[in-house]
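The values are calculated or read from the model by the stated rules, or taken from the named source; none is laboratory data. What you see is a predicted model; the values in this text were computed from it and never measured. Neighbour counts are summed over all protein chains in view; Cβ atoms, including those assigned to glycine, are modelled from backbone coordinates with ideal geometry.
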Amino acid sequence: MGINKDLFITFEGIEGSGKSTQIKLLANFIKTKIRKKVYLTREPGGTKISEKIRKLVINDLHSKSNSLTELFLLFAARAEHYDLIKDKLNKGYIVLCDRYVDSTIAYQHYNGNIKLEVINYIQKLIDKDQKPNLTFLLDINPSLGKERISKRSKKKDRFDKEPVNRMNKIRSAFKKIALLNKNRIVLISNHLPKAVVQANIQKELLRFINK
Ligand code: TYD
């Protein structure tokens, strides 16, 4: 399949929305069926330094931490990471990223106290307004998301301890962001079986590629 456009694809959604599972399945589909090179990455993280910053954001800063400290750490991680993403796109990879700027808008703006202009301004310094080409927003009822998190064996980080009402707020924020970016963001319900959800994602990806 000939793909002549950059494909920087992001996955967004609340904790427990199933992003990590679905992104891996999509990476496999792209490799085996579309036969393109895939680069799978995540935020915060993705490079050596950015993964170190991830540890700071996720474990060492607690809810009482300064929201600007958190914002700057997240953007510091992204500035590093974006260079890598650009490089991979230039080399012909399809880049799949677990969380990106929409998470910053949902968490730090809608659920935090950071002005949208501030986020947009810093983001533009990093990516010169090169938005992801396509974003899948995995939507899930927070109670179900929480249930999935509690089944995970790994140590819970501070975000995973969010109460359901906060997750509901973030879910609504993501939906608002999706409405404002209809041409880029595809909302995918994750209340269905894993394979059905993946089939929906694949269908949307093929639709985008063939557009
Ligand atoms: P992670 O354990 O990766 O959560 P998940 O598996 O659900 O993606 O933790 C990432 C956390 O970082 C998540 O709770 C959202 C948060 N985050 C922000 O608050 N702002 C951001 O810009 C990004 C990228 C993530």
Sole exception among (1) within 10 Å of the ligand (Cβ to nearest atom); (2) in a loop (DSSP other than H, G, I, E, B) for residue 102, by number: (2)
Scanning the stretch 79-95 for residues that are in contact with an Asp or Glu (Cβ under 7 Å, 6 or more places away or on another chain) and farther than 13 Å from residue 10 by Cα gives 81, 89
Cβ pairs under 6 Å, 6+ apart or interchain, first in the stretch 100-116 and closer than 24 Å to residue 8 by Cβ, second near the ligand (Cβ under 8 Å from one of its atoms) and not hydrophobic (A, V, I, L, M, F, W, C), ordered by first then second residue, are 100/43; 114/108
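If you check residue 41 against the conditions, is it of a type in the set (S, T, N, Q), out of contact with any Ser or Thr (no Cβ under 7 Å at 6 or more places or on another chain), within 13 Å of the ligand (Cβ to nearest atom) and closer than 26 Å to residue 73 by Cβ? Spell out the reasoning first.
Working: of a type in the set (S, T, N, Q): yes; out of contact with any Ser or Thr (no Cβ under 7 Å at 6 or more places or on another chain): yes; within 13 Å of the ligand (Cβ to nearest atom): yes; closer than 26 Å to residue 73 by Cβ: yes.
Spelling it out, residue 41 is indeed of a type in the set (S, T, N, Q), out of contact with any Ser or Thr (no Cβ under 7 Å at 6 or more places or on another chain), within 13 Å of the ligand (Cβ to nearest atom) and closer than 26 Å to residue 73 by Cβ.
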Only one of these conditions is not met by residue 110: (1) of a type in the set (Phe, Trp, Tyr); (2) surrounded by 16 or more Cβ atoms within 10 Å (Cβ to Cβ); (3) away from the ligand (no atom under 13 Å from the Cβ). Which number is it? (3)
Inspect the stretch 12-26 for any residue being modelled with pLDDT under 95, within 11 Å of the ligand (Cβ to nearest atom), among the β-branched types (Val, Ile, Thr) and surrounded by fewer than 21 Cβ atoms within 10 Å (Cβ to Cβ) and give the result as yes or no. no
State whether one or more residues within the stretch 115-129 are at pLDDT below 95 and surrounded by fewer than 15 Cβ atoms within 10 Å (Cβ to Cβ). yes
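Conditions tested, residue by residue: (1) at pLDDT below 95; (2) within 15 Å of the ligand (Cβ to nearest atom); (3) out of contact with any Pro (no Cβ under 7 Å at 6 or more places or on another chain).
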site	(1), (2), (3)
133	no, no, yes
149	yes, yes, yes
160	yes, yes, yes
167	yes, yes, no
